[in-house]
Amino acid sequence: MSATLEFERPIQELEIKIDELRKFSREKGIDLTNEITILENRAREVRGAIYGNLNSWQKVLIARHPERPNAYYYIKNLFTDFIELHGDRCFRDDPSVAGGIGRFNGYPVTVISHLKGKDTKENLARNFGMAHPEGYRKAIRLMKQAEKFKRPVIAFIDTPGAYPGMGAEERGQSEAIAKSILTMAALRVPIISVVIGEGGSGGALAFGVGDRILMQEHAVYSVITPEGYASILWKDSSRNREAAEAMKVTAQDLLALGVADQIVPEPLGGAHREPETAADLVGKALTANLNELLGIDADILVANRYKKFRAMGNLDGLIE
Amino acid sequence: MVLEFFRKQKYIAVQPEPVSRDIPEGIWVKCGRCNEIIFSKELDKNCKVCRKCGFHFRASAYERIAMTLDEGTFKEMDVDMLPVNPFQSAEYEEKLQAARKKSGLNEAVVTGEGALQGFEVVIVVMDSTYMMASMGTVAGEKIARAIEAAVEGQKPLIIFSASGGARMQEGILSLMQMAKTVAALDKLEKAGQLYISVLTDPTTGGVSASFAALGDIIIAEPGALIGFAGQRVIEQTIRQKLPEGFQRAEFLKSHGFVDMIVARTELKSTLAKILELHLRGEN
Ligand SMILES: [Zn+2]
């Protein structure tokens, strides 16, 4: 573990002790199995207690964890015969967004996703998952293709937000995001959106107009980053913890607000601790939801999607 | 050289906040750009545009409606719909009260039906006096209902956008209003109905990246700030100052994102001409 989060320190200390005991036992030839087992159980307990009781800001940190599996990991583990397709046919290929075709449970699907890098070098190349208009236009192109060939769309969301730069504005960041939302709202094939890390603002919503919105247990999804919220509303970006609570950003919050449809469990300690298990759990959730959606007539599918987003925010019929 | 210097000085001046609103009727107003002293009634008569330099003062929702629709034809929809405070935040409640007092509006969006040179239209106007016309759940709801009214009534839709973006105090629910309003526009699209989007100062964030960007015809007012990201955020990201005119209406037009820039004094007649060209059946 190269990147330990502050609140995971007690777990890390136990793990170091376990390692020391193992080493000692090996070197001196003394049987310490009992002692090690006790410590391992203790570590599991502590991890369970910490992860069972995370606050919103801690969830943000897990969602942004540098070792958290990115969309490529899920694509490689969940789809067979995956072929990545590139470019928006207008300007360039945006490396912050990946898309392509492959099979899910043997069934042809289109995949679109934000794409963060695994290390600093790759993150620089992928602009930390912050897309330019070309990224959204690539996704729009692939979604329309999915509609043409009657393939469901699986969209992975993992971005701090759309990139706020000069080129992005010059090439119509607003128009690209709006068109992506419109394309999804009208698409005549099933769409499942899965938030696998952080979903930030309009850049995330551009892939989020699905028939189902799934969120991993420790994923977050918000209108703006907690830092941005604190600095705009309170002129104090250091109040990010408070902002994360106030905004309601966790998967559990969004399920309660009727925005997320389902929470996909993660292995204890977060997806980064056991990526394979995490992918397996995402796969199971996708299978269940896709099976429900595949039989539905396209007109009804689009009408239901409309109803779903039309009701967003009307909590308990608060509005009239 | 001296002339050059003065000219540069003049252009460096940023567009200040319009001041007309805070000054009681009948008082003189100073133009935000050229410093001309204008009699405020005279300014109102000219659609709140400075006669000397063409500066467009911000207009309130009802001023906009009066400038756009034929007198006495406006029928407001959902007048009494009040904003919701989904997380029961005291801080947000205070802001809503203050916004209500300042603007005299229940929400940042006024919607309704009326006639524009005789053409029946559905109209949506955002008022930046109310919390920078940020889009929360109820603003989104009013806009979606207006779009649905245009679909059902088979009427053209005109939206005057002005917004700082999403209403952050309503968290993720405010973000979802982008999807809600855009999905409603898809119905209008399928109904074959005209949608004219008029971008006024400022149209940014979630509003610029949803319904405002999707007009069949997109008109911008001169000098209006239009863009996705805020200028300060961009400057912090790229660590340099933005050039003069960046994200202004003229910039958007030259980059291909608006059809035309129309001075407010010409707006009503331009809208009427477009509406007439879209008349169906009878000609
Ligand atoms: Zn002037």
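Take the residues in the stretch A:18-38 that are hydrophobic (A, V, I, L, M, F, W, C) and touching a helix residue (DSSP H, G or I) at 6+ places or on another chain (Cβ under 8 Å), then tell me which one is surrounded by the fewest Cβ atoms within 10 Å (Cβ to Cβ).
A:I30
Could you run through the stretch B:35-87 and say how many residues are part of a helix (DSSP H, G or I) and more than 16 Å from the ligand (Cβ to nearest atom)?
9
Out of (1) part of a helix (DSSP H, G or I); (2) of a type in the set (K, R); (3) more than 10 Å from chain B (Cβ to nearest Cβ), the odd one out for A:R151 is which?
Single failed check for A:R151: (1).
Are any residues in the stretch B:172-184 under 16 Å from A:K307 (Cβ atoms) and not basic (K, R), and if so, which ones?
Passing the criteria: B:M176, B:Q177, B:A179, B:T181, B:V182, B:A183, B:A184.
Only one residue in B:A272, B:A179, B:A166 is aliphatic (A, V, I, L, M), more than 7 Å from chain A (Cβ to nearest Cβ) and on the phi < 0 side of the Ramachandran plot. Which one?
B:A272 is the lone residue from the list that is aliphatic (A, V, I, L, M), more than 7 Å from chain A (Cβ to nearest Cβ) and on the phi < 0 side of the Ramachandran plot.
Give A:V220, A:V194 a once-over and let me know the one that is buried (at least 24 other Cβ atoms within 10 Å of the Cβ), aliphatic (A, V, I, L, M) and touching a Phe, Trp or Tyr at 6+ places or on another chain (Cβ under 8 Å).
Criteria check complete, one pass: A:V194.
State yes or no: is B:F246 outside any helix (DSSP H, G or I), within 18 Å of B:G164 (Cα to Cα), within 11 Å of chain A (Cβ to nearest Cβ) and out of contact with any His (no Cβ under 6 Å at 6 or more places or on another chain)?
yes
In the stretch B:88-105, how many residues are in a loop (DSSP other than H, G, I, E, B) and either aromatic (F, W, Y) or closer than 30 Å to B:K273 by Cα (or both)?
0
Of (1) more than 10 Å from every other protein chain (Cβ to nearest Cβ); (2) of a type outside the set (D, E, K, R); (3) crowded, with 18+ Cβ neighbours inside 10 Å, A:L254 satisfies all except one. Which?
Evaluating A:L254 over (1) more than 10 Å from every other protein chain (Cβ to nearest Cβ); (2) of a type outside the set (D, E, K, R); (3) crowded, with 18+ Cβ neighbours inside 10 Å leaves (1) as the failure.
Quick check on this structure: which one of B:A166, B:A229, B:A162, B:A224 is small (G, A, S), at pLDDT 95 or above and farther than 23 Å from A:I181 by Cα?
The unique qualifying residue is B:A224.
How many residues does the stretch B:98-130 hold that are within 14 Å of chain A (Cβ to nearest Cβ) and within 13 Å of the chain's Cα centre (by Cα)?
Counting residues in the stretch B:98-130 that are within 14 Å of chain A (Cβ to nearest Cβ) and within 13 Å of the chain's Cα centre (by Cα) gives 2.
Can you tell me which of A:G172, A:G208 is under 13 Å from the mean Cα position of the chain (by Cα), modelled with pLDDT of 95 or more and within 9 Å of chain B (Cβ to nearest Cβ)?
A:G208
I'd like to know if the stretch B:204-218 contains one or more residues that are more than 14 Å from chain A (Cβ to nearest Cβ) and part of a loop (DSSP other than H, G, I, E, B).
No, every residue in the stretch B:204-218 fails to be more than 14 Å from chain A (Cβ to nearest Cβ) and part of a loop (DSSP other than H, G, I, E, B).
Identify the single condition in (1) touching a residue at least 60 places away in the same chain (Cβ under 8 Å); (2) in contact with a helix residue (DSSP H, G or I) (Cβ under 9 Å, 6 or more places away or on another chain); (3) within 30 Å of B:T181 (Cβ to Cβ) that A:S231 does not satisfy, given that it satisfies every other one.
The single condition A:S231 does not satisfy is (1).
If you scan the stretch A:262-320, which residues turn out to be assigned to a loop (DSSP other than H, G, I, E, B), of a type in the set (D, E) and more than 13 Å from every other protein chain (Cβ to nearest Cβ)?
A:E266, A:E274, A:D297
The values are calculated or read from the model by the stated rules, or taken from the named source; none is laboratory data. Treat the numbers as computed from the prediction; the structure is a model and nothing was measured. Using ideal geometry, Cβ is built from the backbone for each residue, glycine included, and neighbour counts are taken over all protein chains shown.
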